[in-house]
Each structure stands twice: as structure tokens, then as C-alpha cells.
Amino acid sequence: MEKNKIEAMKLPDMFDPVKRSEIMSHIRSKNTKGEIIVRKYLHRLGFRFRLHVSNLPGKPDIVLPKYKCVIFVHGCFWHAHQGCKYYRDPKTNSEYWIPKIQRNVERDRRAVQELCSMGWNVIVIWECELKKDKREETLVNLVESIKNKSLFNELFLIFNQAFIKFWTNSEDLIRSDISERNLCGNLAFELRDAIRQSRFADYYVDVEYNRNNGKLKTLMDEYMKVIPITCDVIVHSRGEVVIKDNLVAVEMKKSNQPKKEKEDDRIRLEALTKQSYDNVWSFDGHTLPEHVCGYTLGVYIEINPKKFSARVEYYYNGRCIFSRVLNK
Ligand SMILES: [Zn+2]
């Protein structure tokens, strides 16, 4: 048997390179080993999904309609996983392969863009992340990401509903340049209203609140220094719901404030929306983490009273994922 295998490898390819490429390109596309690992895992946890949905951009490998989430399981070679040891520019027949792989990469990029603009959460898993030593971690993170992004979308809608009300109801106050504190109070009022009508009715909307079960809420700053935090507006359970204490953190600044203060607000939102402190600790689900993080949605609002305009930035997973400008 072993001998036959070796013999077979020595045989010259019976197909010419172009034909061989064609065959290879058919082998890879569907139901790869990686895809099957992911599908089995999700299925076991009770996720329901559709496969290779052709009416969505890029024909995603796995589609979870309930979570508005699509998953691509990419082979490192075919999709040019940069910096990965399984991807190298092909040496043989490169004039054929390189443009072909480039087309794949370009197609992937467009698909992600289109799917995102349609409101889908797009997750890409590379085949190298499913090798035995990394598989468990990848799959656990995948599930976390599916659930968390779905929660983000939900909170995003709730927040925007409240924000639009605030913006229209407070026009006179904003134009008259009342204090940030008052504006935050008004926003909190609308947010409380929206939260009460949602499935998060048991959560609190607090202004400049920084205590949890009598303990000061703290944050570790970029130099790992512990500082107490006072966000302008937060939505949280005041420590009652340990598994998901923090939902939304909002910072508001008027545009004439010092640049440094605006930057500090943004840095704070990046830290607050991280899942953990750079994996220093892991959250066990029973005790609240030592320092605050894990806010699902962070929002930075910069208001220009004179122009009655606002720049709104949305933070997720430790970074600003998009922003928009509101004008009259
Ligand atoms: Zn890879």
C-alpha cells in the first residue's frame, strides 16, 4: 500500500497545468474539513444555520439568520492569509495562480463590504485557526463573537432610537448651549424610555455613576494604572446581572472642549468596550471583573451647538467601528 502511494507520487501529472488548476479549484470550494468542524461545533450547541447561501454576496459558507451573522471558513492558501505560514506565493505556474488568488482576495473584500452594509456580522475563520492546537480557542471565541455582535446590533438600535428623540426634542437647548451635564441628563431620559420598552427593562440608565455594589468602578488605563471612572451615561445592571453587567457607555463632549479631553474620552471607550484586559484575566461569569470592561456598545458624541451638528462614533470590541455626522 505504502509502496503504491510512493509510486503514484512519482507519476507525472496526467493533466496539463490549466486542467489541473481547474480540478484543484473545484476540490477546495465546498464542505471543506474546516467548514465541517465549525458546522458540527455550532450544531452541537444548538445553533441553526443555512449553508452556502447563494443569494448573499460571496455565498457565505455558514449563515445564521437569527443572529444576522455569516461565517466564511477560508483556506489559507486560496484566500491568501497574510503572515500565515500556510500561505506562500505559488512558485510553479505562478502567472496562473497569483492573479487567481488575487481575484479571490478581491472578491472576499467586496463580499465583506456588501454584507456589512446590509447589516450582517461577518466572521472569517482561517483554516490554520482550526488546527488541533488552536481549534478549541477559535471555536469558543467564535460563539462569543456571534452572540456579542448580535447583542451589539440590538443595543445599537435601542440607542439610536433614543438618540434621535434626544436630538429632535433638545434642539432649542442644544442651540442655547446648555451644559454637557444637562444634555447628558436629557439623553439619559430618552435612553431610559427606550430601555424600559426593550428586553433590558431591568437595567439602569445612570448619569455619572461609578459604583457597583458599593465598590468604586475602576478602569485600568493604557499604562496599567487603576483609575476610577465616571462615564457620562451608562446602561448597566449595577452589578446585579453578573454575566452581563455592562451594556452601553456614552461619553459626550462639546466641540469647543480641549482636544486632550476628547482624546481621553475616546481612549476610555476603547478600554471600556474591550472584552477583557488584554487577556490578563478571564471573566468566570460568577464574580464581577476587578476593573470595568466588557461594555458591548460604546458611543462618543461630539456636539457643535452653533451648527447644531453632532459627530457620533460607535465603539465595539475596543475600537471605533464607524461614525456618522448628524446635521439639521
Ligand atoms: Zn492561515
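The values are calculated or read from the model by the stated rules, or taken from the named source; none is laboratory data. Remember, it's a predicted structure, so these values are computed and weren't measured experimentally. As a convention, Cβ positions derive from the backbone with ideal geometry for all residues, glycine included, and neighbour counts pool all protein chains shown.
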Tally time: how many residues in the range 61-76 are buried (at least 18 other Cβ atoms within 10 Å of the Cβ) and part of a loop (DSSP other than H, G, I, E, B)?
3
Considering only residues that are within 26 Å of Arg324 (Cβ to Cβ) and aliphatic (A, V, I, L, M), look in the range 106-130 and name the one that is nearest to the ligand (Cβ to nearest atom).
Val124
When the residues of the range 248-281 are narrowed to those that are among the hydroxyl-bearing types (Ser, Thr, Tyr) and either closer than 24 Å to Arg175 by Cα or surrounded by 15 or more Cβ atoms within 10 Å (Cβ to Cβ) (or both), which ends up modelled with the lowest pLDDT?
Tyr277
Quick one: what pairs do we get from the range 83-98, first residue closer than 18 Å to Trp126 by Cβ, second part of a loop (DSSP other than H, G, I, E, B) and within 15 Å of the ligand (Cβ to nearest atom), C-beta under 7 Å, 6+ apart or different chains?
Cys84/Cys76; Tyr86/Cys76; Tyr86/Phe77; Tyr87/Cys76; Tyr87/Phe77; Tyr87/Ala80; Tyr87/His81
Output the qualifying pairs, or none if there are none: Cβ atoms under 8 angstrom, residues six or more apart or on different chains, first residue in the range 66-81 and within 21 Å of Lys131 (Cα to Cα) and touching a residue at least 60 places away in the same chain (Cβ under 8 Å), second residue within 16 Å of the ligand (Cβ to nearest atom) and in a strand (DSSP E or B).
Ile71/Ile123; Ile71/Val124; Ile71/Ile125
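Is it the case that the range 119-126 has a residue that's assigned to a loop (DSSP other than H, G, I, E, B) and either within 18 Å of Arg39 (Cβ to Cβ) or among the aromatic types (Phe, Trp, Tyr) (or both)? Please lay out each step first, then the result.
The initial filter retains those residues of the range 119-126 that are assigned to a loop (DSSP other than H, G, I, E, B), namely 119-120.
Filter again for either within 18 Å of Arg39 (Cβ to Cβ) or among the aromatic types (Phe, Trp, Tyr) (or both), leaving 120.
Checking the range 119-126: at least one residue is assigned to a loop (DSSP other than H, G, I, E, B) and either within 18 Å of Arg39 (Cβ to Cβ) or among the aromatic types (Phe, Trp, Tyr) (or both).
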Checked Leu157, Leu151, Leu183, Leu142 against criteria (at pLDDT below 95, exposed (fewer than 15 other Cβ atoms within 10 Å of the Cβ), out of contact with any Gly (no Cβ under 8 Å at 6 or more places or on another chain) and aliphatic (A, V, I, L, M)); the one match is Leu157
Would you point out which residue out of Arg50, Arg103, Arg135 is touching a residue at least 12 places away in the same chain (Cβ under 8 Å), among the basic types (Lys, Arg) and away from the ligand (no atom under 16 Å from the Cβ)?
Arg50
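Given Glu95, Glu154, which one is within 20 Å of Ser198 (Cα to Cα), assigned to a helix (DSSP H, G or I), away from the ligand (no atom under 16 Å from the Cβ) and acidic (Asp, Glu)? Spell out how you get there, then give the answer.
Working: Glu95 fails: within 20 Å of Ser198 (Cα to Cα).
One residue alone meets the criteria, Glu154.
Surrounded by fewer than 22 Cβ atoms within 10 Å (Cβ to Cβ) and in the same structural domain as Ala188 (by TED's automatic domain parsing): which single residue out of Asp232, Asp245 fits that description? Lay out the reasoning, then the answer.
Values: Asp232 fails: surrounded by fewer than 22 Cβ atoms within 10 Å (Cβ to Cβ).
Within the list Asp232, Asp245, the selection yields Asp245.
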